[in-house]
Structures are given as C-alpha cells and as structure tokens.
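What follows is a set of notes on a single structure, which appears directly below.
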Amino acid sequence: MKPGDVAMRGSGTAPAGRFPARPIQVVGEAHFRVTGFELATDLLRGARLRPGITGLADRETAEWARYPVFRLFEDMILFVGPPRHSVIRSRLHSWFTPAAAGELQALIDRVCDRILATVRTTADVIDFAATVAHVLPLEVISELIGIPAPDRPKIAKRADMVVQAMWHTVTEVNRANGAAVLLDRYFRQLIAARRAAPAADLTSELVADGSLSDDEIIASLVFLVIAATFTTGDFLTSAMVMAVRNQEFRRRVLDGNTVAASVEEALRLHPPIAHIIRNAEERIELGSVVVPAGALIDVDVAAANRDPAQFPRPDEFRPDRVPNRSLSFSLGAHYCCGWALGRAEAETLLPKFLRAFPDIRLAGEPLPKRHPFQQGFQRVSLVLREADAR
Ligand code: HEM
C-alpha cells in the first residue's frame with residue numbers, strides 16, 4: 001500500500017449478541033481481522049507478527065525515503081525490530097514503571113487541580129475533550145520530556161498531523177510530512193540545548209546516556225507525545241461519556257476502593273487503540289485460514305475485549321470480573337510502556353472532575369473520533385452547572 005491509498009477503516013466493536021463465530025476473518029487476499037481473544041493473545045505474544053509499518057507505505061521502494069514522516073516512523077520504538085527495539089525500550093521504560101508512576105502522582109494531582117481551577121472560572125459549558133481530556137496527558141508527558149509550556153499545544157498539533165498520515169490521503173500525508181520536518185527541527189534544538197545545559201528531564205537523560213542516536217531520540221520523543229496524549233486523552237473522553245450515562249460507573253469511580261477496577265473495566269469496553277496493526281513475518285496456518293507472509297493483520301482489540309468466551313456478558317460494565325485481562329495495552333514485545341501512567345491519570349482525573357462538578361450533563365450528542373484505528377470522542381460538550389448556580 002502506498003501513500004494515497006485509502007487505509008483500512010476501523011470497524012469498532014462487534015454488535016452485542018453477534019460476535020463472529022470464527023476468531024479470524026478474511027477481509028481480503030492479504031488482509032485479515034482477528035476478533036477472538038485467545039488467538040489475539042497468542043499472536044500478540046508470539047514472534048510471528050511485526051508492527052505494521054508496511055501497511056503505511058512500501059518500505060522497499062525508493063519512494064519511502066522521500067517521505068519525512070515515514071523516515072520518522074522508522075526510528076519509532078513501535079516500528080523498530082530486535083535488537084534495537086530492546087535498547088530503546090530499556091532507555092524509556094524506567095521513566096514509566098509503576099514505581100515511577102507513583103512518584104509522578106504529585107505531578108498528576110497538580111496538573112489535574114490546575115485544569116479544574118481553570119475550568120471552574122471559565123465557562124458553564126465546556127468541550128471536555130479539548131479543555132480537559134487531552135490537556136492532562138499532554139501536560140504530564142511534556143513535563144517529563146522537558147517541553148516548555150508555551151510550546152506544548154503546537155507540538156501536540158503537529159504530533160496529531162503525523163498520526164493522521166495513517167489515513168493515506170495525499171493531503172494528509174503532505175501535511176504529516178510538513179509536521180514531521182518541524183518536529184524534527186524542534187526536538188533537534190531541544191537536544192542541543194540539553195547537551196549544552198542538562199536539566200532534570202528525559203531528554204537530558206537520553207542525551208547523557210549516549211546509547212540512542214539523535215534520530216532515535218527525536219523519534220522517541222515524538223512517539224511519546226503521540227503515545228501518551230492521544231491514547232489517554234481519547235480514553236478519558238469515552239470514560240467521561242460513560243460516567244454521564246452510567247450511574248453505576250460514576251458511583252464506583254467515586255469510591256476509592258473501586259476506582260481502579262472501574263477504570264480497568266472501562267478500558268476493556270472502550271480501548272482507545274481499537275485496532276493493533278501487524279504484518280505477518282511468515283506464512284501462518286490458523287486452522288483452515290492461511291495467512292501469507294507479509295499480509296496485514298488487524299488485531300481488533302475492541303472486538304477481542306468483548307469476546308464472550310473470555311468475558312461473559314461482555315457488553316456489561318462489571319468491574320468485579322476476575323481475571324479482567326483485556327488487550328487494551330496490547331501484549332508481548334510492544335506491550336505499552338505507559339500503562340501505569342495512563343491508568344494513574346484516569347484514576348486521578350475522573351473522581352476529581354466528578355466531585356468538582358456533580359451535576360454535569362451532556363449538552364449534545366458527543367462527536368465520535370474519526371480514525372482508522374483509534375476510538376474516543378472528538379468533542380464532548382458538557383454542561384458543568386446550570387448558569388444560575390454559579
Ligand atoms: C490509556 C492509556 C494508554 C493506552 C490504552 C495505551 C495503549 C497502547 C497500546 C495498545 C500499545 C501497543 C501498540 C501496538 O502494539 O501497535 C502501546 C504502546 C506503547 N505505549 Fe501506550 N497506551 C496508553 C498510554 C501510554 C502512555 C501514558 C505512554 C507514555 C509513557 C505510553 C507509551 C507507549 C509506548 C512507548 C509504547 C510502545 C512500546 C513498544 O513498542 O515497545 N502509552 N500503548
């Protein structure tokens with residue numbers, strides 16, 4: 001597939017009561033969709049698939065190198081194969097372990113309180129997606145990387161343009177190329193600044209460590225902005241819509257003993273990465289289905305998370321499921337590095353927000369996000385309080 005082609009479009013979850021009988025479906029000659037939880041688990045844990053950068057553009061052609069956005073993708077942790085992958089992963093991972101997330105709690109609390117203070121004084125109706133959900137993860141990851149506050153919105157906007165390259169339309173790929181060039185320039189300057197005068201941030205640590213090239217550091221920093229912001233932000237929009245519509249979810253989130261399990265269950269029901277895209281490293285036989293080497297495999301996380309064989313009454317919110325091992329953070333070599341941080345942000349923001357605004361209601365139908373494999377809401381208009389209650 002080359003830039004300009006139309007990318008695979010997300011199918012979201014299987015409708016209730018109509019879960020596919022087979023764990024894998026043939027979508028096209030070299031395109032398969034995995035919906036069964038057990039098969040998805042096996043494939044993600046094993047070594048027969050690799051992250052699907054070739055689904056974006058043909059890496060073997062000279063054309064590839066002409067696209068700055070694809071050159072940037074190539075050095076990103078998700079698309080780097082062994083042995084380089086473990087070097088990059090080991091350098092990033094220590095910043096996001098559960099212990100580190102615990103240490104980051106004070107930062108998360110501070111950012112949440114700042115957002116709430118701003119929201120309290122500004123308006124009675126807000127777009128939760130733009131003013132809250134995407135602000136928290138962006139502020140937190142930017143603090144860790146060392147991106148100065150005034151630059152953050154512009155960096156997030158460009159990072160979003162890079163993600164939009166997934167749409168494969170000429171307009172989107174061109175825009176993504178422009179954004180990739182600017183991000184490269186920005187982070188190269190940040191690296192130079194930290195080399196000259198180190199600070200207490202991840203950029204300085206990566207520079208001082210010396211095991212990653214500057215290209216790898218740049219790709220890692222851009223990837224972290226993308227990976228941390230859109231996932232957590234999109235999930236927070238889904239969780240807030242759920243909190244408005246489901247009183248039981250809201251009640252459990254407000255109870256300190258059940259908030260973690262409730263967030264976990266919400267992540268199963270509404271994974272922000274709804275599809276994990278892979279290519280087959282080799283020919284794979286799965287019962288009667290033969291997947292040729294190189295074929296595109298869409299691991300439909302949103303569907304596998306509702307596989308009734310793994311999650312009885314899968315469409316119901318049941319935070320007491322044991323075990324409750326969804327695929328929302330993936331599995332295997334590319335298991336999410338930020339799982340503890342993403343959870344901590346959700347477990348902090350949701351109760352704080354619901355406590356601050358106990359009477360919230362939707363001002364209109366939330367606008368779903370339009371993306372081939374991410375899901376959440378682009379806009380969630382919330383009435384925080386009635387105008388005369390100020
Ligand atoms: C609710 C929040 C989050 C969800 C649901 C989530 C989900 C995921 C998923 C599904 C993957 C695997 C993608 C694939 O294999 O194609 C992934 C990878 C990754 N995530 Fe997250 N993520 C979240 C938050 C974060 C945060 C806050 C960070 C920042 C530290 C982060 C950093 C990463 C990294 C670095 C990888 C790549 C790991 C690798 O390739 O080895 N994520 N995430």
In the set 131, 171, which member is closer than 20 Å to residue 234 by Cβ and of a type in the set (Ser, Thr, Tyr)?
131
Hey, can you tell me all the residues within the range 273-287 that are on the phi < 0 side of the Ramachandran plot and away from the ligand (no atom under 16 Å from the Cβ)?
282, 283, 284, 285, 286
Check the range 175-183 and report whether any residue there is at pLDDT below 95 and of a type in the set (A, V, I, L, M, F, W, C).
yes
Looking only at the range 275-292, which residues are surrounded by 16 or more Cβ atoms within 10 Å (Cβ to Cβ) and not basic (Lys, Arg)?
275, 276, 277, 279, 280, 284, 286, 291
Any residue in the range 341-354 that is hydroxyl-bearing (Ser, Thr, Tyr) sitting within a Cβ distance under 8 Å of a residue that is surrounded by fewer than 24 Cβ atoms within 10 Å (Cβ to Cβ)? List the pairs, counting only those 6 or more apart or interchain.
348/105; 348/108; 348/109; 348/112
Please determine, by comparing only the residues of the range 112-122 that are within 16 Å of residue 354 (Cα to Cα) and of a type outside the set (D, E, K, R), which one is surrounded by the fewest Cβ atoms within 10 Å (Cβ to Cβ).
117
Does residue 127 satisfy the criteria of being modelled with pLDDT of 90 or more, more than 15 Å from the ligand (Cβ to nearest atom) and either within 21 Å of the chain's Cα centre (by Cα) or of a type in the set (Ser, Thr, Tyr) (or both)?
yes
Which condition breaks for residue 307 when tested against (1) buried (at least 17 other Cβ atoms within 10 Å of the Cβ); (2) touching a strand residue (DSSP E or B) at 6+ places or on another chain (Cβ under 8 Å); (3) over 28 Å from residue 226 (Cα atoms)?
(2)
Quick one: what pairs do we get from the range 84-103, first residue closer than 15 Å to residue 334 by Cβ and modelled with pLDDT of 95 or more, second loosely packed, with under 14 Cβ neighbours inside 10 Å and hydroxyl-bearing (Ser, Thr, Tyr), C-beta under 8 Å, 6+ apart or different chains?
87/211
Hits in the range 239-267 - residues which are without any contact (Cβ under 8 Å) to a residue 40 or more places away in the chain and either under 22 Å from residue 325 (Cβ atoms) or buried (at least 18 other Cβ atoms within 10 Å of the Cβ) (or both)
257
Scanning the range 324-369 for residues that are aliphatic (A, V, I, L, M), within 18 Å of residue 258 (Cα to Cα) and more than 14 Å from the chain's Cα centre (by Cα) gives 344, 349, 350, 354
Could you list, in sequence order, all residues of the range 239-277 that are of a type outside the set (A, V, I, L, M), within 21 Å of the chain's Cα centre (by Cα) and not in a helix (DSSP H, G or I)?
270, 271, 272, 275
Restrict the check to the range 302-309 and report whether at least one residue is over 16 Å from residue 238 (Cβ atoms) and among the acidic types (Asp, Glu).
yes
Every residue from the range 161-181 that is of a type in the set (A, V, I, L, M, F, W, C) and either over 23 Å from residue 131 (Cα atoms) or open to solvent by less than 50 Å² (accessible area, probe 1.4 Å) (or both)
162, 163, 165, 166, 167, 170, 173, 176, 179, 180, 181
Touching a Phe, Trp or Tyr at 6+ places or on another chain (Cβ under 6 Å) and either in a loop (DSSP other than H, G, I, E, B) or within 16 Å of the ligand (Cβ to nearest atom) (or both): is that true of residue 298 in this structure?
no
One residue from 184, 201 being closer than 16 Å to residue 221 by Cβ and either without any contact (Cβ under 8 Å) to a residue 24 or more places away in the chain or open to solvent by less than 20 Å² (accessible area, probe 1.4 Å) (or both)
201
Candidate set: the range 341-387, residues that are small (Gly, Ala, Ser) and in contact with a Lys or Arg (Cβ under 9 Å, 6 or more places away or on another chain); chosen: the one surrounded by the fewest Cβ atoms within 10 Å (Cβ to Cβ)
364
Selection within the range 138-160 - within 19 Å of residue 76 (Cα to Cα), open to solvent by 10 Å² or more (accessible area, probe 1.4 Å) and out of contact with any Asp or Glu (no Cβ under 8 Å at 6 or more places or on another chain):
138, 156, 157, 158, 160
What is the residue count in the range 62-104 for residues that are farther than 30 Å from residue 47 by Cβ and surrounded by 14 or more Cβ atoms within 10 Å (Cβ to Cβ)?
2
Criterion violated by residue 321 - all others in (1) open to solvent by 60 Å² or more (accessible area, probe 1.4 Å); (2) away from the ligand (no atom under 16 Å from the Cβ); (3) farther than 26 Å from residue 119 by Cα; (4) touching a residue at least 12 places away in the same chain (Cβ under 8 Å) satisfied
(1)
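The values are calculated or read from the model by the stated rules, or taken from the named source; none is laboratory data. Here the structure is a predicted model, which means the values were calculated and not measured. Cβ atoms come from the backbone with ideal geometry, glycine included; neighbour counts cover every protein chain shown. Remember, those area values only see protein heavy atoms, side chains included, never the ligands or the DNA or RNA. Shrake-Rupley method; radii C 1.70, N 1.55, O 1.52, S 1.80 Å.
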